[in-house]
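Engineer: Quick one: the structure is below, and I'll ask about it shortly.
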Amino acid sequence: MSPYRIRTEPRTCCPDCFANSWLRDYVKEKSRETGTCGTCRRRRRPLLPVCDLVGPFANLLSYYTPLEDPYLESGGTLIELIQWDWEVFRDDLVESGRAGALLESIMHTDWDDDSGEFPLSAIDSYIPRSRRWYHDTLADIWDRFCEQVIENPTDDLQLCDSGFHEFVLNEDLLGRTTIYLSAGTTLYRARLGFTIGPDNHPQPYSGPDIGPPPIAKATPGRANKSGRAVLYCADQEQTAIAEVRPVRGEYVSIAELYTLQELRIVDLSTTPDWPNPFATEHLSYEIEFSSLLEAFAEELAKPLRRRDDVADYLPSQKLAEFIEQAGIDGVRYPSAMAPDGTNIVLFNPLLVKIGPSKLVEISNIRIDYS
C-alpha cells in the first residue's frame, strides 16, 4: 500500500456529491444543516459530516481487498473499481479527484493511527474479493452441475446433492422467489394450426386438444422429461403465440386458461435486485446469489432448437424437479421468443380450467439477428 499522503480532505458532503440514489437519499435524511458543501462546493445544500458515512462505506469496501502482486493478478485503483461497479460518485468529481478525496476522508475518520497500517488511499490498487475466493461460487457450482448431468445423462444426479447448501436452495431460492397466483388468474396457451369444423371451416383447437399433449406423445422440454405431461403457458396472449414460432400467414389457436386455486410459483422472470452495497449484510454472498438466480432464469429461457440434444434439457429439468418436490406448483421464467414476455410451466395441468379459444392469423413476424 502506498505511503500516507497529507492532503486537504473534505469534512462535509451533500446529496449532489453522489450518483447512487440510495446515498443521495441517505444524506438528505441524515442531514441536520444546510450550507456550502465541503466536497463539491455547491451552496445551500443539505450537509452531512463525512464521519456519518463510515458504516455504509465500510460495508461497500468489504467487497474489495488490496492487490498483492501485480504480476500475478490485475486490479484497478479503489476509486475506479467502486465507481465502475456501483457508480457511487458524480463523474465530474471522480475526474477532478474530489471523489477520491471524499472517499479517503470518510474512511480516515475511522482510522486508528496506532494500528501500524497506512490509511486507505483511493488510488491504491485493489481487486474484488471474489477474485481471490478459494471456494466455488454458487454460479460455479451450477455450471459444474450442468456439465455433469449433460455428460452423464443416465446418472441420478440431484440438485440438492451437487454442492449447494440446503439454506441456499430452501431458504433463499424457494423463500425469496415464491409468489402466489390467485384463483381465477388468466393465463394463455397456444397451438399451431386448427381443426376443421362440421361446416368445413377452420376452427381453433379447444378443450383437451389445446391442453397438454397425451403422456404417450409428451416429448422432453425444459421442465419435463419424455412421457411427463406438464402445461406450458404464458402470462400474455402475444407471448403464448410467439412461443409456438409461427410463420407469416400461419394460423394459431389460442386459449384462455383460468387457475382453479391459489398457486405457489417460483418466479425467475425478473432480474433479481442487485444488493445495496452500502446496507446489505453479507454483500459477497448476496452478489453470488443474484448471479445464481440469473443463471437459473437463463437456463429455462434458452431458445429451444428442434435439433437440440435432449441431454441439453437435463439441467433445467433437474431444477424443475427440485422445485416441484418442494411443493411448488410451477415456475415463471422469461420468454425466449417475446421480449419482456413471461412463461409459466405448471407441473399439474389440472390446476387450470381451459376456457374459450380463438383462431388468429399471423400477419407479421419481426426478426432480430446477431
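The values are calculated or read from the model by the stated rules, or taken from the named source; none is laboratory data. All of these numbers come straight from a predicted model, not from anything done at the bench. Here the Cβ positions follow ideal geometry from the backbone for every residue, glycine too, while neighbour counts run over all protein chains shown.
Engineer: So, of the residues in segment 31-90 that are of a type in the set (F, W, Y) and over 15 Å from D16 (Cβ atoms), which turns out to be modelled with the lowest pLDDT? First the steps, then the outcome.
Structural biologist: So in segment 31-90, the residues of a type in the set (F, W, Y) come out as 57, 63-64, 71, 84, 86, 89.
After this cut, where a residue has to be over 15 Å from D16 (Cβ atoms) as well, the list is 57, 63-64, 71, 84, 86.
On the way: F57: 95, Y63: 90, Y64: 91, Y71: 70, W84: 94, W86: 95.
Among residues in segment 31-90 that are of a type in the set (F, W, Y) and over 15 Å from D16 (Cβ atoms), the one modelled with the lowest pLDDT is Y71.
Engineer: If you don't mind, there's one more thing I want to ask. Is segment 205-226 home to any residue that is surrounded by fewer than 17 Cβ atoms within 10 Å (Cβ to Cβ), part of a helix (DSSP H, G or I) and touching a Ser or Thr at 6+ places or on another chain (Cβ under 9 Å)?
Structural biologist: Yes; the residues of segment 205-226 include at least one that is surrounded by fewer than 17 Cβ atoms within 10 Å (Cβ to Cβ), part of a helix (DSSP H, G or I) and touching a Ser or Thr at 6+ places or on another chain (Cβ under 9 Å).
Engineer: Hey, another quick one. So, in segment 8-56, exactly how many residues are acidic (D, E) and either in a strand (DSSP E or B) or within 29 Å of the chain's Cα centre (by Cα) (or both)? Explain how you work it out, then say what you get.
Structural biologist: Step one: of segment 8-56, the residues acidic (D, E) are 9, 16, 25, 29, 33, 52.
Restricting the remaining residues to those that are either in a strand (DSSP E or B) or within 29 Å of the chain's Cα centre (by Cα) (or both) gives 25, 33.
Of the residues in that region, 2 qualify.
Engineer: Of all residues in segment 239-256 being of a type outside the set (V, I, T) and surrounded by fewer than 18 Cβ atoms within 10 Å (Cβ to Cβ), which is nearest to A336 (Cα to Cα)? Full working, then the answer.
Structural biologist: Going through segment 239-256, the residues of a type outside the set (V, I, T) turn out to be 240, 242-243, 245-246, 248-251, 253, 255-256.
Still in the running and surrounded by fewer than 18 Cβ atoms within 10 Å (Cβ to Cβ): 245, 248-251.
Details: R245: 11, R248: 19, G249: 22, E250: 20, Y251: 21 Å.
Result: R245.
Engineer: Among (1) under 19 Å from P15 (Cβ atoms); (2) more than 29 Å from the chain's Cα centre (by Cα), which single condition is E68 missing?
Structural biologist: (1)
Engineer: Kindly check whether there is at least one residue in segment 348-370 that is assigned by TED's automatic domain parsing to the domain that holds S226, touching a helix residue (DSSP H, G or I) at 6+ places or on another chain (Cβ under 8 Å) and closer than 30 Å to I106 by Cβ.
Structural biologist: Within segment 348-370, none of the residues are assigned by TED's automatic domain parsing to the domain that holds S226, touching a helix residue (DSSP H, G or I) at 6+ places or on another chain (Cβ under 8 Å) and closer than 30 Å to I106 by Cβ.
Engineer: May I ask you to list the residues in segment 29-81 that are among the aliphatic types (A, V, I, L, M) and closer than 16 Å to S105 by Cβ?
Structural biologist: Keep residues of segment 29-81 that are among the aliphatic types (A, V, I, L, M), which gives 47-48, 50, 53-54, 58, 60-61, 67, 72, 78-79, 81.
If the condition is that a residue be among the aliphatic types (A, V, I, L, M) and closer than 16 Å to S105 by Cβ, then L47, L48, V50, L53, V54, A58, L60, L61, L78, I79 are the ones that fit.
Engineer: Residue by residue through segment 157-195, note down the ones that are part of a loop (DSSP other than H, G, I, E, B), farther than 22 Å from L260 by Cα and either in contact (Cβ under 8 Å) with a residue 40 or more places away in the chain or not assigned by TED's automatic domain parsing to the domain that holds L350 (or both). Show your work before the answer.
Structural biologist: Here is the first cut: in segment 157-195, the ones part of a loop (DSSP other than H, G, I, E, B) are 157-158, 162-165, 182-185, 193-194.
Checking which are farther than 22 Å from L260 by Cα leaves us with 157-158, 162-165, 193-194.
L157, Q158, G193, F194 - these are the residues of segment 157-195 that are part of a loop (DSSP other than H, G, I, E, B), farther than 22 Å from L260 by Cα and either in contact (Cβ under 8 Å) with a residue 40 or more places away in the chain or not assigned by TED's automatic domain parsing to the domain that holds L350 (or both).
Engineer: Turning to a different aspect of this structure: Any idea which residue in segment 264-280 is surrounded by the most Cβ atoms within 10 Å (Cβ to Cβ), counting only those that are in contact (Cβ under 8 Å) with a residue 12 or more places away in the chain and among the β-branched types (V, I, T)? Step through it out loud before you land on a result.
Structural biologist: Residues of segment 264-280 in contact (Cβ under 8 Å) with a residue 12 or more places away in the chain: 264-269, 271-280.
Checking which are among the β-branched types (V, I, T) leaves us with 265-266, 271, 280.
Numbers: I265: 22, V266: 24, T271: 11, T280: 17.
Checking each candidate, the answer is V266.
Engineer: Run T177 past the list (1) of a type in the set (V, I, T); (2) touching an Asp or Glu at 6+ places or on another chain (Cβ under 9 Å); (3) farther than 20 Å from A297 by Cα and report the number of the one that doesn't hold.
Structural biologist: Only one criterion in (1) of a type in the set (V, I, T); (2) touching an Asp or Glu at 6+ places or on another chain (Cβ under 9 Å); (3) farther than 20 Å from A297 by Cα is unmet by T177, namely (3).
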